[in-house]
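Below is one structure, written out as C-alpha cells; comments come after it.
All of the numbers you see were taken from the coordinates with simple rules; none came from a lab. Computed from a predicted model, the values in this text were never measured in an experiment. Using ideal geometry, Cβ is built from the backbone for each residue, glycine included, and neighbour counts are taken over all protein chains shown.
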Amino acid sequence: MSSSAHLLIFFVFLISTASTILATDHIVGANRGWNPGINYTLWANNHTFYVGDLISFRYQKNQYNVFEVNQSGYDNCTTEGAFGNWSSGKDFIPLNDAKRYYFICSNGQCYNGMKVSVVVHPLPTDQPTPHISLPLSSHSAAQMPVVLHMGWGFRLVPLLLFFTLIWFGSDWM
C-alpha cells in the first residue's frame with residue numbers, strides 16, 4: 001500500500017472520530033464522588049451539560065446506588081416510576097436529551113443530600129450531535145463505547161500526527 005493510501009486512511013479515521021471528541025464526562029462530586037454530605041446543587045451549578053455528554057457516578061459498590069427519577073421523586077426522595085437505576089459503583093449515564101435530569105440515591109441517603117439535578121442544553125446548531133447508546137442498567141453485558149473528553153481530543157490529534165509522521169517518515173515528503 002502506498003504512503004498516500006496510508007495517509008488517506010489516517011485522515012478518514014481522524015475525521016470519523018471527531019464527533020466523539022465533543023462529549024464531556026461530568027463526574028458527580030468530582031474527586032469526592034457520590035457520597036453523603038456533599039452539596040451537589042453547587043457542583044451542578046458549576047457545570048454546563050450538553051446533549052451527548054455523560055454524567056458519571058463514582059461510589060462504593062453495595063453501599064450506594066443511583067436512580068433517575070422525575071421531579072416528584074427527586075423532591076420526595078422516592079423511586080416510584082424511576083426511569084433507570086445503576087449500582088456498579090462506576091456508572092456512566094448518557095445525557096441524550098435536552099431536559100432536566102433528576103438523580104437520587106435510594107437507600108435513605110437522598111435525605112442526607114445524595115441527589116442531584118442537572119439541566120442539559122442542546123448543542124449549538126453549528127455542532128454535530130453525538131448520540132451515545134449505553135445500557136440502561138449496569139447489569140447489562142453490552143460493551144460501552146469509549147468517549148474522549150474534549151481536552152484529550154485536542155491533545156490527541158497532534159500526538160497522532162506526530163506518530164504518523166514517524167511511522168511513514170520521509171515517504172510523505
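Seen through its C-alpha gyration tensor, with square-root eigenvalues sorted a ≥ b ≥ c, segment 76-130 comes out prolate because a/c lies at 1.5 or above while a/b is bigger than b/c.
Ignoring lysines fewer than eight residues from K90 along the same chain, the ones with Cα atoms less than 16 angstrom from its Cα are K61.
Taking amide H as placed 1.01 Å from N in the peptide plane, the amide H of Y50 sits under 5 Å from that of H121, each at least 5 places away or on another chain. Placing dummy labels 7 Å off each Cα toward the beta-carbon, the span from E80 to S117 is 1.9 nm. Based on Cα contacts under 8 Å between residues 6+ apart, segment 58-122 shows a relative contact order of 36 percent.
With only the Cα atoms considered, segment 17-99 has a convex hull volume of 118 Å³ per residue.
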